[in-house]
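Student: Dropping a structure here in structure tokens format, bear with me for questions.
Read-outs throughout are calculated quantities, based only on the coordinates presented, and are distinct from any laboratory measurement. Quick caveat, the model's predicted, so the values are computed rather than measured. Glycine gets a Cβ as well: all are built from the backbone with ideal geometry, and neighbour counts include every protein chain shown.
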Amino acid sequence: MITLNNQTTNGQRGLKTRLAGKLAIAALLVATQPAFAEAQKAVPKQLATVGSLKIDNLTISKAPPSDAKRFYLVDPGHFNMTSQTFVMDANNSKLQIHGIIDGGKLPHVMTSSTGKFVGIANTTYDRIAHGKRDDYVRLHDAQTLEPVADIDIPEIRFLTGLIERLSAFSTDDKFMLVQQFSPSSGVGLVDLEQKKYVKTMEVPDCYHIFPAAKQNFFMHCRDGSLLQVAYDDQGNTKQKNTKVFHAENEYLHNNPYYSNSAGRLVWPTYEGKIFQAKLSDSGAEFLKPIEIFSDKEKKEKWAPGGWQPVAMHKERNEIYLLADKRAKWTHKTASRYVVVADATTGKRLRRIDMKHNIDSIAVTQDKNPTLIAASLEHKSVYTFDALNGKPLASMDEMGKAPQMIVTMDK
Amino acid sequence: MKDNKRFDSTIEKLARTTANYTGRRSFIGKVGMFLAGSALLPLLPVDRRARLGLGEAQAASVNSMTRERGWVPQDKDPQACDYWRHCSIDGQICDCSGGSLTSCPPGSSLSPSSWVASCFNPGDGQTYLIAYRDCCGKQTATRCGCFNTHGELPVYRPEFNNDIVWCFGAENDDMTYHCTISPVVGKAS
């Protein structure tokens, strides 16, 4: 029995109208019964018919194709058992959110070289925070956000506060590489085409994964060298170390900038010295380090700081460094400024005042680049014109702790 | 009986894992390295002290862990983020959620692995080695979030890094972070 509203209408015409309306609704309900028979099986009986009325034109949205302004904002909720990845873009000087992808504890999120899918390496437990651990890799379509592959892997993931490069796609998107820390150092090889785990490749005491062409990747080792690892489809490796490129007391931030397509590595120290390298299958070419701050600025205590403190615009050859005046050992504390410098000469190009305490930055790779900035304190994301520093847009309520920005490589 | 089974199971698992990952020669080598490393462990405070420098460690006591002032420890309130023992903690203080400075909250499991830091106690003017231990097997505690980085090093120096989920060896291998305790190992000088 459906009760319509209790409006009173006067006269015969009103009565006819109401009667016609009731008949029409009754006819609609009768007509839709067969079509909804299956769906209604899942609807609680207490809701009767009203709870599952057919409404036309209800759909599930689809995100636009990924482009240079697409980015992913990862919220691990600090060390929460589940995480969220916000799927966003910064087109037209605005911020748009296209959806959210679920993830497990401390996920590693990465985009494919084409932008057509996004990968997440996950860890979950079957009794919330204990019980049986399950590590797995999921690939999600970048428009529907539906999983297109779900690959079980051994329980090897190195769980830390988010460090972007502890897992990565190979440069051709055929493999995912996953860092293992315990019980020994290793890199898990996941064949994405065959949708299977290949093996864990033993490596020495080295960290981070920087893929290069022809099934190579580099890692940074405790002694200050890089380790080049070439691997075949079965996970057999050839390994060799580069020279030691930084001193023991030149501490490198946990989240450097790296481009899979260009092999560009940009890695700041706690003090603001920037080491760079071009990585390829033929080896590592180390560039001349840059001191990003002048002696005067160093005396004023300028230094980089934040969670994801460095970005690069490759075509413009510009380095973006999250920085502020700061006391020693505050290298992970948020900063208010971005210092932009030429990547070859180190010449200062501009300084952007973001007017917020920012933990993480990234830059889009298009010709009119956008500076994207995330704040843990405000649980917000901000965008700026990367060329003139003009604020463009902001969005709040970005989960518990939006900490990592993953942008398109091209 | 149950404990014995668990002990047996743990030892068996350890043996199998070791066998899986290690040849006999490298096993002997690694045991040797472990023994040598263990012998060197007491030297860590000395190494750390040299890096921070005595004057610098004491000078830090006039700052605080804000961007501008750095680390300013106090010795009165263990549940406050600026309590001296918490100089390199990253997470939740267990004392605020049913534990203490040296005990995990009920229902969680104590990890046998730790990262270390040298923290200056303004109460007695001494610097101590703190071996932070994570309490594991439960969802992250929400109270007393604390994000200090005094002397904290990058992940490629893991023994001094506080970003890692330090639940290695916790009961049932639960690599899930609940909160952190700050036990003192000894004087750093």
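Student: Based only on other Cβ atoms within 10 Å, what is the fewest-to-most ordering of A:W329, B:W166?
Tutor: Fewest-to-most Cβ neighbours within 10 Å comes out as A:W329, B:W166.
Student: For a label point 7 angstrom out from the Cα of A:R222 toward its Cβ, which stretches of region A:176-193 have the backbone nitrogen within less than 19 Å?
Tutor: The answer is A:179-187.
Student: Treating only the Cβ atoms of Lys and Arg (+1) and Asp and Glu (-1) as charged, compute the dipole magnitude of chain A about its Cα centre; round to the nearest 20 debye.
Tutor: Dipole magnitude for chain A comes out near 1180 debye.
Student: Within straight cross-link reach of A:K301, meaning Cα distance under 18 Å, which lysines are found once same-chain residues fewer than 8 apart are removed?
Tutor: Correct list for A:K301: A:K273, A:K325, A:K328, A:K332.
Student: Report Rg/Rh for region B:44-187, rounded to two decimals, where Rg is the Cα radius of gyration and Rh the Kirkwood radius. Can you show the working numbers first?
Tutor: On the way: Rg = 14.3 Å, Rh = 15.0 Å.
For region B:44-187, the value is 0.95.
Student: With only Lys, Arg, Asp and Glu charged, each at its Cβ (+1 for the first two, -1 for the last two), find how big the charge dipole of region A:343-397 is about the Cα centre; round to the nearest 20 debye.
Tutor: Roughly 440 debye, rounded to the nearest 20.
Student: Helix-only estimate, please: 222 nm mean residue ellipticity of chain A, summing -39500 (n - 2.57) across DSSP H runs of length 4 or more and dividing by its residues, to the nearest 500.
Tutor: Calculated at 222 nm, the ellipticity per residue is -3000 deg cm²/dmol.
Student: Moving to a separate point now. Checking the table A:K105/A:K238; A:K69/A:K243; A:K105/A:K390; A:K174/A:K243; A:K54/A:K116; A:K94/A:K355 against a 25 Å threshold on Cα-Cα, which pairs fail?
Tutor: From the list (A:K105/A:K238; A:K69/A:K243; A:K105/A:K390; A:K174/A:K243; A:K54/A:K116; A:K94/A:K355), the Cα-Cα distance tops 25 Å for A:K105/A:K238; A:K69/A:K243; A:K105/A:K390; A:K174/A:K243; A:K54/A:K116.
Student: Given labels modelled 7 Å from the Cα in the Cβ direction, how far is it in nm from A:A48 to B:S100?
Tutor: 6.3 nm
Student: So for chain A, taking the charge dipole from beta-carbon charges (+1 Lys/Arg, -1 Asp/Glu), which of A:L177, A:F117, A:A149 sits furthest toward the positive end?
Tutor: Final value for the positive-end residue is A:F117.
Student: Take the alpha-carbon positions of region A:70-407, form their convex hull, and give its projected area averaged over all directions (one quarter of the hull surface) in nm². Can you show the working numbers first?
Tutor: Values: hull surface 63.7 nm².
Hull-based average projected area comes out at 15.9 nm².
Student: Let me ask something else about it. Over the Cα atoms of region A:118-276, Rg to Rh with Kirkwood Rh, two decimal places?
Tutor: Rg/Rh for region A:118-276 comes to 0.97.
Student: What FRET efficiency do you get for A:K347 and A:A247 if R0 is 25 Å and r is their Cβ-Cβ distance, rounded to the nearest 0.05?
Tutor: The computed FRET efficiency comes out at 0.55.
Student: Right, here's the next one. Based on the Cβ-Cβ distance from A:K238 to A:T114, what FRET efficiency comes out when R0 is 35 Å, to the nearest 0.05?
Tutor: 0.75
Student: While we're here: Would you work out if region A:250-394 is rounded, prolate or oblate? Take a ≥ b ≥ c from the square roots of the eigenvalues of the alpha-carbon gyration tensor; rounded if a/c is under 1.5, else prolate when a/b is larger than b/c, oblate otherwise.
Tutor: It is oblate, given that a/c is not under 1.5 and a/b is not larger than b/c.
Student: Excluding residues fewer than 8 places away in the same chain, name every one of the lysines whose C-alpha is closer than 22 Å to that of B:K76.
Tutor: Filter leaves B:K187.
Student: Right, another one. Hey, which aspartates and glutamates would be in cross-link range of A:K347, C-alpha to C-alpha under 12 Å, not counting anything within fewer than 8 residues on its own chain?
Tutor: Here the aspartates and glutamates satisfying the reach criterion relative to A:K347 are A:E291, A:E318.
Student: Whole Å is fine, so just give me how far the alpha carbon centre of region A:360-410 lies from that of region A:253-273.
Tutor: 18 Å
Student: Restricting things to alpha carbons, tell me how big region A:112-170 is in terms of Rg and Dmax, in Å.
Tutor: When restricted to the Cα atoms of region A:112-170, Rg and Dmax are 12.7, 37 Å.
Student: Ok, one more. What ranking do A:D205, B:D90 get, fewest neighbouring Cβ atoms within 10 angstrom at the top?
Tutor: With the sparsest Cβ surroundings first, the list reads A:D205, B:D90.
Student: Further question on the same structure: I need A:E193, B:E159 ordered by Cβ neighbour count within 10 Å, fewest first. Mind dumping the intermediate values first?
Tutor: Details: A:E193 11, B:E159 15.
In order of increasing Cβ crowding within 10 Å: A:E193, B:E159.
Student: Positive end of the charge dipole of region A:339-404 (Lys, Arg +1 and Asp, Glu -1 on Cβ, about the Cα centre): tell me which of A:A386, A:T344, A:A401 has its Cα farthest that way.
Tutor: Value computed over the given set: A:T344.
Student: With a Förster radius of 30 Å, plug the Cβ-Cβ distance of A:S394 and A:I55 into 1/(1 + (r/R0)^6) and report the FRET value to the nearest 0.05. Let's see the in-between values first.
Tutor: Details: r = 34 Å, r/R0 = 1.14.
The value I calculate is 0.30.
Student: Consider all pairwise Cα distances in region A:65-144 and report the whole-number % of them above 19 Å.
Tutor: 39 percent
Student: Per residue of region B:160-166, in order, report the coupling 6.51 cos²θ - 1.76 cosθ + 1.60 (Karplus, θ = phi - 60°) as ³J(HN,Hα) in whole Hz, putting x for Gly and Pro.
Tutor: 10, 9, 9, 7, 5, 6, 8
Student: Now for a separate question. Under a point-charge model restricted to the Cβ atoms of Lys and Arg (+1) and Asp and Glu (-1), what is the dipole moment magnitude of region B:44-187 relative to its Cα centre, in debye to the nearest 20?
Tutor: With Lys and Arg at +1 and Asp and Glu at -1, about 260 debye.
Student: Equivalent ellipsoid semi-axes for region B:68-146, as square roots of 5 times the alpha carbon gyration tensor eigenvalues: give them largest first, rounded to whole Å.
Tutor: Taking √(5λ) for each eigenvalue gives 22, 14, 11 Å, largest first.
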